[in-house]
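Down below is the structure, laid out as structure tokens.
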Amino acid sequence: IKHPLQNTWSLWFYDNDRNKTWEENLIELTTFDTVEDFWRLHHHIKQPSELRQGHDYAVFKQGIRPMWEDDANKMGGRWLISLEKKQRNSDLDRFWLDVVLLLIGENFEHSEEICGAVVNVRPKLDKIAVWTADTSKQQANIEIGRKIKEQLGIHGRIGFQVHRDTMVKHSSATKNLYTV
Ligand code: M7G
């Protein structure tokens, strides 16, 4: 007997093909809704550090596309963790696994505010982000941010950015609505 998760989750891959639009490059690879299926998938696919630069994974609740424009995300934002290049070997895969386990294990008081998580593998800074649904829910968002920091063992501060700001600015210039 498999152990069911509270939600069904989709794994997405971003392919970075120059001949396609950003949206066309997003591929929903599979869905999973049990602990066992998650681990089987995890062992079967490349780890983020093994992806080519420019590629992403996203894990979102089924029915939510990992884009700002989705109804579930359009009022939302993200807790952003930027990783220095040297952390790709030491932290990237571990952080990503821990974040995904936090999500699928519904380890937040306000799990209903969670939309999903993204990992961007990039030449400069790799990024991991947890996307939440409603930027106005301060208490819920801060609880989620604190939990992420605690789980990953991050000592520095992390910031929460509004998607509507990220959309119009380069991410490094986007101001934080919350920090923990
Ligand atoms: P990124 O891949 O999130 O980060 O955004 P990066 O700058 O480190 O590579 C790169 C570009 O992808 C953005 O400037 C947008 O053009 C596009 N893009 C990213 N996201 C998350 C979205 C989205 O949700 N919707 C749309 N339409 N474009 C996006």
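The values are calculated or read from the model by the stated rules, or taken from the named source; none is laboratory data. Please read all numbers here as calculations on a predicted model, not as lab measurements. Quick reminder, even Gly has a Cβ in these numbers, built from the backbone with ideal geometry, and neighbours come from all protein chains shown.
A compact table of results
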{"quantity": "All positions within the stretch 48-80 that are closer than 17 Å to residue 28 by Cα, away from the ligand (no atom under 12 Å from the Cβ) and free of Cβ contacts under 8 Å to residues at least 60 places away in the same chain", "calculated": "59, 61, 62, 63"}
{"quantity": "Qualifying strands (runs of 3 or more DSSP E) (wholly inside the stretch 2-87; at least 3 residues being closer than 22 Å to residue 168 by Cα)", "calculated": "77-83"}
{"quantity": "Members of the stretch 169-178 that are polar (S, T, N, Q) and either in a loop (DSSP other than H, G, I, E, B) or surrounded by 12 or more Cβ atoms within 10 Å (Cβ to Cβ) (or both)", "calculated": "171, 174, 176"}
{"quantity": "Search result, residues across the stretch 121-141 that are more than 22 Å from residue 71 (Cα to Cα) and not acidic (Asp, Glu)", "calculated": "121, 122, 123, 124, 125, 127"}
{"quantity": "Condition broken by residue 44, with the remaining ones in (1) in contact (Cβ under 8 Å) with a residue 12 or more places away in the chain; (2) away from the ligand (no atom under 16 Å from the Cβ) satisfied", "calculated": "(1)"}
{"quantity": "Single match in 82, 10 (criterion: modelled with pLDDT of 95 or more and more than 21 Å from residue 107 (Cβ to Cβ))", "calculated": "82"}
{"quantity": "Per-region count, the stretch 5-34, residues surrounded by 12 or more Cβ atoms within 10 Å (Cβ to Cβ) and in contact with a helix residue (DSSP H, G or I) (Cβ under 8 Å, 6 or more places away or on another chain)", "calculated": "6"}
